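The values are calculated or read from the model by the stated rules, or taken from the named source; none is laboratory data. Source: prediction; values computed, not measured. Quick reminder, even Gly has a Cβ in these numbers, built from the backbone with ideal geometry, and neighbours come from all protein chains shown. The protein model used for the area step is the full one, side chains on, heavy atoms only, and it has no ligands, DNA or RNA in it. Shrake-Rupley method; radii C 1.70, N 1.55, O 1.52, S 1.80 Å.
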Amino acid sequence: MALRNIVKEGDDILLKKCRPVEKFDEKLHGLLDDMGETLYESGGVGLAGPQVGIMRRVCIIDVGDGLIEFINPRIIKAEGKHQVVEGCLSSPGEFGIVERPVKVTAVAFDRDGNEFEVEGEDLFAQAMCHEFDHLDGVLFKSKVIRMLSPDELAHDDEE
Ligand code: NI
C-alpha cells in the first residue's frame, strides 16, 4: 500500500466526470487499498477517485463505523433535507453550509463486483452525496449556501 497525493481545488481534474469501473481486478484493489491508507492519514471521512487523480467511479467512506468502498455507486432514494456544515480534503481548512438529504439509499458494487445496497442517515448520507458528487466533477463549493468565516471556524474548535 502507498499514500497517494490528494488533488487540491483549482485542478481541473476535479471538475470532470468519471467513467465507470469495468474491471474488478488487482489494480482496482491496489487503488482502493491506497485510497484507504490515504483517507486515514488525512483524517477525512471520504475520498473519491478524482481526488487521487483516478477518473473512475470509485470512492470510500468511513464516518466512524468502518470503511465502505463504493464502485459505480448511485443514489436510488433520498429523503428529507437539512443544512449541514461540510468540507473537503481537496479544499483544506475551508467549510461551508450546504443542503443535503437527511437519509439516502444507494446501490453500488464492492471491490469484487458484488452489488450491495446501503442506507445512511445524517453524516453518512451527507458523505455519500459529497463523494458521489465528486464522481460527476461536482465540488461541495458549487452547492454551498454560505462559507463559514474564520471566526466561526475558531468558535467551532472551542466547542
Ligand atoms: Ni470532497
Take each of the peptides 13-26, 126-139, 97-110, average the number of other beta-carbon atoms within 10 Å over its residues, and list them starting from the highest.
126-139, 97-110, 13-26
For a protection proxy built on the mean count of beta-carbon atoms within 10 angstrom, sort 71-84, 31-44 highest first, please.
31-44, 71-84
Throw me the Rg/Rh for region 58-139, computed over C-alpha atoms with Kirkwood Rh, two decimals.
0.95
Using alpha-carbon pairs under 8 Å, 6+ residues apart, how would you state the relative contact order of region 81-159 in percent?
30 percent
At 25 °C in a medium of viscosity 0.890 mPa s, the chain has a Stokes-Einstein diffusion coefficient, with Rh taken as the Kirkwood radius over alpha carbon pairs, in µm² per second, of 154 µm²/s
Quick check for you: with a 1.4 Å probe and neighbouring chains kept, what is the accessible area per residue of region 12-158, in Å²?
50 Å²
Dipole-positive endmost among His29, Gly53, Ala125 within the chain (Cβ charges, Cα centre):
Gly53
Of all accessible surface on region 12-158 at a 1.4 Å probe, what whole percent is carbon and sulfur?
49 percent
Any idea how many Lys pairs in the chain come in under 17 angstrom at the alpha carbon, given 8 or more places apart or on separate chains?
10
